[in-house]
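K.L.:
I'd like to ask you about the structure that follows.
We did not get these values from a lab; they are worked out from the coordinates using the rules stated. Fair warning: this is a prediction, and the values are worked out from it, not measured in the lab. Glycine also receives a Cβ, built like all others from the backbone with ideal geometry; neighbour counts cover every protein chain displayed.
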Amino acid sequence: MPDSNSILLQAQMTFAGSALKAVTLANGGAALALLAFLGHVIGTDSAVATTTIAEFGLPMKLFAWGTVFGIIATCLSYVAQALYVELPVNNNSWFGSPGGIVRLIALCFVISAMAAFIFGITTSAEALENVSKLEKRSESTGLSSQKQPTELRRLESSELSRSLHCIDLI
């Protein structure tokens, strides 16, 4: 029959593995969902598309870094376990061994991955609000999102011809 320490150690390892999977999957899934959204936006012929892509640059970077941090933490947890097995442990402190130090570094990467996910979600929400405001503003000017590039080109060319006419007068 297993003793209580081995049961607690097994539970701790199970929870740690679940946390590593969750943080990596959350960031990776968010990055994929954002890529799918941006792919749809690129497929539309909208003047807002360029702004939308620019607005979601930071959230994409945050989700990508969160995924990388989760993968690094997973690798470090493997190294920590190998060090616990190979090297003796000072039972006074879990920092007293190389495995404990590597485990602490892995924990910092997990926390960084969680922070990247939280900030990625927050900046995604802000970007979506900014794009929504821009879309409403473009609709209020009377230009539909499908007609904007053509209408804007016409406006730009008429402004250019007026500017050239002013230069001719000088």
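K.L.:
Considering only 8, 48, 76, whose Cα is most displaced toward the positive end of the charge dipole of the stretch 4-143, charges sitting on Cβ of Lys, Arg (+1) and Asp, Glu (-1)?
P.N.:
Selected residue: 8.
K.L.:
Taking 7 Å along the Cα-to-C-beta vector as the label spot, tell me the residue 22-residue 115 distance in nanometres, rounded to one decimal.
P.N.:
Rounded to a tenth, the inter-label distance reads 1.9 nm.
K.L.:
For residue 97, list long-range residues whose amide hydrogen, built 1.01 Å from N in the peptide plane, is under 5 Å from its own amide hydrogen.
P.N.:
Close amide H contacts, sequence-distant or interchain: 90.
K.L.:
By counting other Cβ atoms within 10 Å of each Cβ, how are 137, 103 ranked from fewest to most?
P.N.:
Fewest-to-most Cβ neighbours within 10 Å comes out as 137, 103.
K.L.:
Let me ask you something else. Grab the Cα-Cα distance for residue 78 and residue 135, subtract it from 0.36 nm times how many residues apart they are, and report the gain in nm with one decimal.
P.N.:
Here the answer is 15.7 nm.
K.L.:
Only Lys, Arg, Asp and Glu count, each charged at its Cβ (+1, +1, -1, -1), so figure out the dipole size of the stretch 4-143 about its Cα centre, rounded to 20 debye.
P.N.:
Dipole of the stretch 4-143, to the nearest 20 debye: 240 debye.
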